[in-house]
Structure formats: C-alpha cells, structure tokens
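Written out below as structure tokens is the structure these notes cover.
The values are calculated or read from the model by the stated rules, or taken from the named source; none is laboratory data. Just so you know, these numbers come straight off a predicted model, no measurement behind them. Backbone-built Cβ (ideal geometry, glycine too); neighbour counts: all protein chains shown.
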Amino acid sequence: MCRLALKTADTPFSPYEVLTAMEAMQEGYDGSGLGLLLRGVQFDDFNYRGDLPILSGIAHSEAALQRLDEFMTGRGYEMKYDHEFDITPGLIEAKDRLKYIIRVYKDPVAADPSPEAVEQRHMEVRLDLRRDGEEHGGDLTIFSFWPQVVMIKEVGWPLAVGDALGLQDGRIKARVVMAQGRQNTNYGINLYACHPFFIQGIATMTNGENTAFVPIKEWLIGKQIPGYLGYQSDSEVFTHILHYTLKKLKLPLEVYKHVITPLKSNELDAHPQGEFLKGLRTACRRLIIDGPNAVIGTLPDETCLLVMDHKKMRPASVGGRPGVWAMASEICGVDAMIPDRDRSLDFQPMREHTVIIPPHRKEMVIWSQFNPFALPQAA
Amino acid sequence: MVSIQSVCTSPSSLTYHDLPWIIKHREDRCTLCGRCTSVCPVQAIYLTYRRQRMPKLDILQKKRGSDYRHFVGIRQRTSIENKCIGCGMCSMVCPNEAITPTPNSNEDRSLFHINQKGEAWKRGGRRNVSGRTILDRIIFDRISMLTDPALDAGRHEFNTNTILGRILPPEEFLRRKMAGEWIPPTREIFPFVIGSMSFGALSPNMWLGLLQGVAYCNEVLGIPVVMATGEGGCPPWVLKSPFLKYVILQIASGYFGWDEIIRAIPEMQCDPAAIEIKYGQGAKPGDGGLLMWFKVSKLIARLRGVPEGVDLPSPPVHQTLYSIEESVMKMIQTMSMAFGFRVPVYPKISGSTSAKAVLNNLVRNPYAAGLLIDGMDGGTGAAYNISMDATGHPIASNLRECYLDLVAQGRQNEIPLFAAGGVGKNGNVTQNGMALIMLGASGVHIGKYIMQATSGCLGNEMGRCNVCNLGICPKGITSQNPKLFRRLDPDEVAQRVVDVFMTINTEMKKVMAPLGRSQSLPIGMSDALGIDDPAAAERLKIRYVC
Ligand code: SF4
Ligand code: SF4
C-alpha cells in the first residue's frame, strides 16, 4: 500500500520534513518511488514572485534540454531562474537523468491576459512539452507548469531520493508539501504513473486502487477535455474528476465526495439536498469510483483536502494545530510531521467525511456527506 | 414378398424413427391408465387394441391353426401434425414410469415434410442451438489481490442497481437544473429485467405469478425488479393499480391494447416504469408480433379490442408516412407527452449490423431514454422457423460495438444500452448478464430463462416442446385455455420469481466482490473480462486467456 504525507503550514518549511514522515511510515511497504509536490514555494537564492509559472520535470538528454529551451523561447517565455540541485550521484537508481528541471519563467505579453487564458496557456505548455518528450523516446518528462508549484518524481527509496537531491539543505521551502511513496504493483514503472497527479493547479494522491478505472478513464477521455490524458495510473482519474467538478462543473469542493462516492438512494431520500444530489449522481454516474482509497489533495489557493472511500477501506489521519496541519496515510506519519500537537484532536475520517484545511489554516473543517453544503444557484 | 398394394406409403409417410423424438413404452409396466394419452398436447400417442396371432399346432390331430390374443398398448403416431414434441408430459403423469420420449439420434426426417399444405413451419420457442454460447465462455479474471483486497460479498454493501432513462451530460444537467428546465425521467432498477412477454402470449396465471413475484421483490426484498408487458396491453386492474410502476408497457406495430392503456391514463395511480416501443425482436427480425388464433380467447380479444379467435399478426414495421427515423422520433415524443414527460420511452430493436445507425440516431434525439438490442438467441411465442433459425445478429458483438461507438463519442453515460437474446439460455443467467454489463450494457432483459426457471417451461435448445404458438402449452404457461393454465399455480410462479432474483442478486455480488466493485454496477468494465477464444477476444476487445 502506498504511503501518503501532506504538511501545510503558514511558514514555509523544507520538504525533507515530509520525507522523514515517509520514513516513519516505512514499515510494510516497498518504497519504490517518490512523488513530491511543493506549493507556495520559496527559493533561498531567488526572490520568487508568486505569480510566475514554474516548470517541473526531468530532461534525460542534452537534446531534450535544448528542445525545451527552444520551445519556451519560441512561445515567448523568459527564464528567470533555473534551480540547480546539489546532487549526490549514485544515490539515484536511474542512470539517464541529465537534469532535474525547476525553472521559473516570465509569461509573455499575451493578447488575452485573463486568468482563464493564462491558466489555459500554462496547461498547453505542459501538455506540448510532455508530448514532445513522448515523441522523442521519452527523453523529456514534464510534471507541472504552474505558479507556486514544484513537482519532483523519481524512482527509489523516498529518503534516498531526498538525499540525492540535497533537499535537506533548505534551499527550497514551501507552505504545502505532498509526498507519496509509491508501491508499484499495478502497472509498469513510469514516472508519469507516480502520484501526486496534477492538472491546472489541482493535485491529488491516493493510497489505494480504483477498480472502476477503465470505465471512468474511457468517459474522461471521451469528454475530450485538454489534459485528460495519461492514465498510466488508475489514480490519475481522481485528480481529473476533482478538476472536472471544480473547474468544469464549477461546483463547490464538498460536491467532489458526492461525485466519487455518492450516497445510496435511501440516504439521499433523507438528505436536505437529496433531490439535487440524486440527479447529480445519475448525471455523474460514470465518475463513481470504487475500491479502497483515501484521496489527499491540494488546490491552487493552498486548500488541502482528504476524502475517504465509501467503505473506509484505507487508513488516513489528520492532526495539527492552527497554522500547521498534517495528513498522512498512517498516524505515525502525522506524528513525525507535527510531534507537538494535541493528539486528542486528531481525526480519522470515516466513509462519509471530507476533511478540509482552508487556506487560512486556522482550523480543520470536518464535513460529512450527510450534511448540506452551500450550493449557490442550483439546489 | 409383401404385395405392392399393401405397403401403405406416401411421400410424407414417416416411421417413428424418422421423427425427432421416439416414444419408449414399456408394456410390462403399463397399467393402461390412459393418463399419458390424455395429457399429450399433440396427440402423439394413442391407446390401441392389437391382435396377436398365436400359431397353434395340434400334434395329435395333425392340425395347424391359429389362436389370437388381444392386448392394449400405447403407440406413437407418425403424422407430421402429431409428431411427438418431446415435452415429457407423458412421463410426468405416468404412475409407473412406463413411458418416456427419447431424442432420436438419427437425423430428423420430419424437417423435410413439415411444410404441409404449403404452410411454412411456424413455431414458438427459441433458435435451438445448443452448446456453450460466447457469453458462457466469458470469465471475470481481474481479481483484486494485492493493493485492493477483494470485498466480502456476504457482508459488504453493494449497489447492484442500474439506471433506465436518458442521462444528461453533467454540464447540461446543471444548466437545466439552474434554469428550472425539464430533466429527463430516470428509474433506478435492477439490471435484470423480465423481458417482454405479452398478456396473450402468456396465460393469465403466468402473468399474475410474474407480477406477484415482481411486486414482492420490490416491496419486501427491496430489489427493484421491473417487467415488460410485450405487445397486447395490460389488464385494466394492473393499469389502475400501484403495481404499474413495476411494469414497462410495450407498444408495437399492431398497437394492440393501447386503447385500454390510453383510456386508463386518467385513472392511473402511478406512472409505469417505462414505455418500450418495439421495432424489432431478436428471435424474428423483420416480423411483427404474431398471436395465433388458438390463443385469442374472450379475455384477450377484449384487452386487444379485436374479435375472438382470429390470427393477430402485427405488421413488421410501424406505419409511417416517411422514414423510420421520423417514426421513431415522433413515437418517442408522442409517448413521452402522453405521460407528461415523466416516463422514460425507449425503443427495442433486433440485433443487427444496422444497430449502430439506430443508436446514433437516438443519441441525437433528446427524448430517447435508452436502447434495447435483442439478439438472435432470444425467444418468441410464435414465428416462422426460418426467421428464428437464420435471421438476426448475436448479441455480444452487437452490443459491444454499439457501446464502443458511444465511448468514442464520450456519450456512454447518456443512452443506456440494454441487451437481450439468449441471456441465461444455458442456465448461467447471472454470468451471462454480468458479462454483457461489463461489455457495456446497462442491464439485460431475460425472457426464456424466466419461463424456464419460474414456471418450468419445457422448451430447450434441442427443439423440445416449442409449441407456444398453438395454445396447447402443456405447462399452462403460454395458453389461454383454462383447462391448461389452471395447471400453473400463480403463487408458485411468484415464489420462483423471488427465488430467481434473490439468487441473481447474490451471484452479482459474488462476481463484483472479487473484482473490487461495490459502489456501482461495473458497466463497461471490460478490463475484467477474458475469453478462451482469440478471435472473439479481438472482436469484443477483451483479453484472450487460456
Ligand atoms: S413427450 Fe409429450 S408430445 Fe411426446 S408423447 Fe409424451 S406427452 Fe406427447
Ligand atoms: S412448455 Fe409451454 S412455454 Fe414452454 S416451450 Fe412448451 S409450449 Fe412453450
């Protein structure tokens, strides 16, 4: 089973802290890979202005790096910062990593400066670069291109990957860090198959398996929405469903739970928004997930969330104090990230729960699916 | 040598060894009670007096002579109209196990003579192709093992229901909801639907039993089973009862029974489950319904608004001025309107290479609530033998093709596809149904299986019985003759309906649990399917396993 850890704090901290939490949760898993997402980043050698997009990925060859430069220049993006990791060679299993890319760009002056258009362009850049890498034998892997977000994915023991990249040196810090140690059991090793998954600022990771993967994937692909591709992992659909719920259907975050694990008809009969939710369940029937899963995610505004599967078949805990919170698949992970907290306030979500840490981080919101939610116009 | 004149033969005279079934009668056990001959639906056997000559030789008187013994026995008729249909009723009633039909392992010569008086052979029943079907060979092989433990079919909660009705894309649903516009009606139903069998084809007792069983499944067990009427209307007491919500009313090209239905609308306590517009039937594509005169009793005549004792053939197509597309559109709209747009209306077509074209047409019709495709292994109450044997399309690849077509358009959630035709034909009803669901069906319709499982229909895939068209059903299932249908106890049928659906429900969980599925019906979960035939695997786009 995969290990998940998320920490969110008002003050930026080193991602290495989260890796030590992964270490605490090491018992019983094979730690075959690491996926990291940093949000609200801060570099010690660069005064990062929060609205500039950051490109994250790996170039596996000089040619790839060159094509990347040409592509970005061609699109009018000006590189402002190129992060160089203090790499300890030998600690990384893979031998074809030329450069871990963390680069900050300045957006070109565009005809349409609206936020939607900018977001759309950022995604297009990521998708075009990803396609370019795939067309060239996979020599370029691109994880994200988005303001405030850095992503790192690598094969190997999580802490070893952190050591190899020198993450303990504190040169990169962030307010939110998501980490997933991947137990690679289902599909072939592929960096794109590694959680967290990312689309337009929205990221999720999961510690289970989505047994309804194929019909959901087919439905999402059929929508022909840019970015709904990949699916090297069955868990990628969780991210896209969250994106679809928030960005395409423009529904509040709470509704995500009702989309992926709707209540039964007799439960909805007693729900104050039951009639609307029944209709929604029918319309989004193909997005109902299955199998054991705890989904941990973050949104562009630094909201963090944890959603439990409908049978509560996976562990997950949340704990912390105002200003700093942690979510992890095992409680020892929360302990490792925030040892000094009131443990009696820890929460382990049940089947109906969504835990939300709002961007102000003052409290953890426990929302039950049985409760009504604010639905502006529709219900 | 026997003289020519005494050989009684004509081109169509056959001996019982030429017939599909041969009666084995044991005279040593027979007590001549006559039950078998009176029960036989086709008078295939008769009691007969025979005289046996006993040669007598009086040695003392040096005289030869004859004595005669008389005895009574059972004999088999060999005329075409009286050929044994293998129903086995004679053995069922025989108190001494003295009689039984046995299949003739030689060829069936009666096939060459069945077309007497220029009449092509009509019969009821099925296609009569025995052996495992493609559906029987599909296995569920994606078993949850490592990261996702399999579920517990006995203890976990499962959602085994499906949706019947047009489903809007989520964006459109929200838009209409906000604008307060019409949202197409949907029903949450059990995915195994009792397929269309008309009140007319079925006896009143059979129909009552089915409806009682369905009501029990819904009201006591919470399994939302629905049944379809077939063409020919619905008894007025059902139309005006709260049970109507478990009934899919069928309208077909003869429009039989619709006067009654329309007249009953103001008095209906609830809406029907759905309206099915029949354009075709898998067992006899291109043929309309056929109720032969034997079965048009007083009650049926009243329900259908026709005279008693006349053949009731429905035209093969709906009467329409222009194109079939136009007719489909108009009928769906008209029926939707008749029920205040509160009832899903969907067409039923025969499995066909043109099914995709129909489907694409429906996708563009905002009122179409689904599509039922009926494959050629389906059954019927009456049809020409050649239609049943040789026309149509098997369901598996037809359904799969249609589903994948929807997938390619991203509309697989919008028009639910229902599949029928041979589901459970060898008894594996849940396995067959789940295979079709994972190939992309939202549910399946079962007819023959229901007849066999709930009322003991004697028909099988080896040509047994199949006289449903003649009103002589020996079990009283498809007869309007009270002497026959009194043999069928509606309560017992209802009990069997309940047995069947409880079992299907359990078996569905036994399939879903190891696949790690419990939240929703695994529609289109083709990654869970395997088949031991590479060609079929390729055609169905599932895994080949051996
Ligand atoms: S098997 Fe049926 S048809 Fe044949 S003789 Fe017996 S009762 Fe008659
Ligand atoms: S038992 Fe009745 S319903 Fe079954 S095949 Fe014979 S005649 Fe038809």
Number of positions in region B:514-541 that are more than 11 Å from chain A (Cβ to nearest Cβ), in a helix (DSSP H, G or I) and either touching an Asp or Glu at 6+ places or on another chain (Cβ under 6 Å) or aliphatic (A, V, I, L, M) (or both): 4
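Which one of B:Leu436, B:Leu470, B:Leu458 is under 18 Å from the mean Cα position of the chain (by Cα), more than 16 Å from ligand 1 (Cβ to nearest atom) and under 23 Å from B:Met388 (Cα atoms)?
Numbers: B:Leu470 fails: more than 16 Å from ligand 1 (Cβ to nearest atom); B:Leu458 fails: more than 16 Å from ligand 1 (Cβ to nearest atom).
Unique residue meeting the criteria: B:Leu436.
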Exception for B:Val511 within (1) in a helix (DSSP H, G or I); (2) within 16 Å of ligand 2 (Cβ to nearest atom) falls at (2)
Do you know which residues across region B:481-513 are within 14 Å of chain A (Cβ to nearest Cβ) and small (Gly, Ala, Ser)? B:Ala513
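Which of the residues spanning region A:354-379 are within 14 Å of chain B (Cβ to nearest Cβ) and within 23 Å of the chain's Cα centre (by Cα)? Steps first, answer last, please.
Looking only at region A:354-379, we keep the residues that are within 14 Å of chain B (Cβ to nearest Cβ), and these are A:369, A:375-379.
Listed by number, the list holds a single entry, A:Gln369.
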Per the list (1) crowded, with 24+ Cβ neighbours inside 10 Å; (2) within 16 Å of ligand 2 (Cβ to nearest atom), residue check on B:Met462 breaks on (1)
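If you check B:Glu107 against the conditions, is it surrounded by fewer than 16 Cβ atoms within 10 Å (Cβ to Cβ), outside any strand (DSSP E or B), outside the structural domain of B:Phe501 (by TED's automatic domain parsing) and within 16 Å of ligand 1 (Cβ to nearest atom)? Can you show your working first?
Details: surrounded by fewer than 16 Cβ atoms within 10 Å (Cβ to Cβ): yes; outside any strand (DSSP E or B): yes; outside the structural domain of B:Phe501 (by TED's automatic domain parsing): yes; within 16 Å of ligand 1 (Cβ to nearest atom): no.
Here the answer is no, as B:Glu107 does not meet what is asked.
Within region B:269-276, can one find any residue that is assigned by TED's automatic domain parsing to the domain that holds B:Ile373 and part of a helix (DSSP H, G or I)?
If we filter region B:269-276 for residues that are assigned by TED's automatic domain parsing to the domain that holds B:Ile373, which is where we start, we get B:269-276.
Subset that is part of a helix (DSSP H, G or I): none.
No, region B:269-276 has no match at all.
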Index of the failed condition, B:Arg543 passing every other in (1) buried (at least 17 other Cβ atoms within 10 Å of the Cβ); (2) closer than 21 Å to A:Gly291 by Cβ: (1)
Among (1) within 16 Å of ligand 1 (Cβ to nearest atom); (2) of a type outside the set (D, E, K, R); (3) farther than 21 Å from B:Asn466 by Cα, there is one condition B:Trp21 misses while meeting the rest; what is its number? (3)
Flag if B:Ile4 is modelled with pLDDT under 95, within 22 Å of B:Gly471 (Cα to Cα) and either crowded, with 16+ Cβ neighbours inside 10 Å or away from ligand 1 (no atom under 16 Å from the Cβ) (or both): no
Taking helices (runs of 4 or more DSSP H) that do not extend beyond region B:152-268, which have at least 2 residues that are small (Gly, Ala, Ser) and at pLDDT 95 or above? B:204-216
I'd like to check something: does region B:63-75 contain any residue that is at pLDDT below 90, away from chain A (no Cβ under 14 Å) and within 16 Å of ligand 1 (Cβ to nearest atom)? yes
Hey, B:Leu521 within 12 Å of ligand 2 (Cβ to nearest atom) and either within 23 Å of B:Arg142 (Cα to Cα) or at pLDDT 95 or above (or both) or not: no
Answer yes or no as to whether B:Gly209 is more than 28 Å from B:Ala368 (Cβ to Cβ), in contact with a helix residue (DSSP H, G or I) (Cβ under 8 Å, 6 or more places away or on another chain) and away from chain A (no Cβ under 14 Å). yes
If the requirement is being part of a strand (DSSP E or B), in contact with a Ser or Thr (Cβ under 9 Å, 6 or more places away or on another chain) and within 14 Å of chain B (Cβ to nearest Cβ), which of these qualifies: A:Leu4, A:Leu37? A:Leu4
The residue that is farthest from B:Ala98 (Cα to Cα), considering only those in region B:23-48 that are away from ligand 2 (no atom under 16 Å from the Cβ) and small (Gly, Ala, Ser), is B:Ser38
State whether the residues of region B:29-37 include one that is more than 15 Å from ligand 1 (Cβ to nearest atom), within 47 Å of the chain's Cα centre (by Cα) and closer than 26 Å to B:Arg464 by Cα. yes
Residues in region B:73-87: is at least one more than 16 Å from ligand 2 (Cβ to nearest atom), of a type in the set (D, E, K, R), assigned to a strand (DSSP E or B) and closer than 30 Å to B:Glu461 by Cα? yes
Within region B:151-186, take every residue that is closer than 30 Å to B:Asp533 by Cα and more than 10 Å from every other protein chain (Cβ to nearest Cβ) and give me the one that is surrounded by the most Cβ atoms within 10 Å (Cβ to Cβ). B:Thr160
Quick one: count up the residues across region B:473-514 that are within 16 Å of ligand 1 (Cβ to nearest atom) and either free of Cβ contacts under 8 Å to residues at least 12 places away in the same chain or surrounded by 21 or more Cβ atoms within 10 Å (Cβ to Cβ) (or both). 8
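Among the residues of region B:118-141, is there at least one that is part of a loop (DSSP other than H, G, I, E, B), within 12 Å of chain A (Cβ to nearest Cβ) and surrounded by fewer than 20 Cβ atoms within 10 Å (Cβ to Cβ)?
We begin by selecting, within region B:118-141, every residue part of a loop (DSSP other than H, G, I, E, B); these are B:119-121, B:126-133, B:138, B:141.
Narrowing further to those that are within 12 Å of chain A (Cβ to nearest Cβ): none.
Checked against the condition, which is being part of a loop (DSSP other than H, G, I, E, B), within 12 Å of chain A (Cβ to nearest Cβ) and surrounded by fewer than 20 Cβ atoms within 10 Å (Cβ to Cβ), region B:118-141 yields no hits at all.
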The conditions are (1) more than 16 Å from ligand 2 (Cβ to nearest atom); (2) touching a residue at least 24 places away in the same chain (Cβ under 8 Å), and B:Gly65 fails exactly one of them. Which is it? (2)
Would you mention how many residues in region B:441-455 are under 18 Å from B:Pro204 (Cβ atoms) and either hydrophobic (A, V, I, L, M, F, W, C) or within 16 Å of ligand 1 (Cβ to nearest atom) (or both)? 2
In region B:482-506, residues that are assigned to a loop (DSSP other than H, G, I, E, B) and either at positive phi or within 12 Å of ligand 2 (Cβ to nearest atom) (or both) total 2
Per the list (1) under 21 Å from the mean Cα position of the chain (by Cα); (2) at pLDDT below 95, residue check on A:Arg351 breaks on (1)
A careful count of residues in region B:476-497 that are of a type in the set (Lys, Arg) and under 24 Å from B:Tyr246 (Cβ atoms) gives 1
So B:Asn115 passes all but one of these: (1) free of Cβ contacts under 8 Å to residues at least 60 places away in the same chain; (2) among the polar types (S, T, N, Q); (3) within 16 Å of ligand 2 (Cβ to nearest atom). Which condition number does it fail? (3)
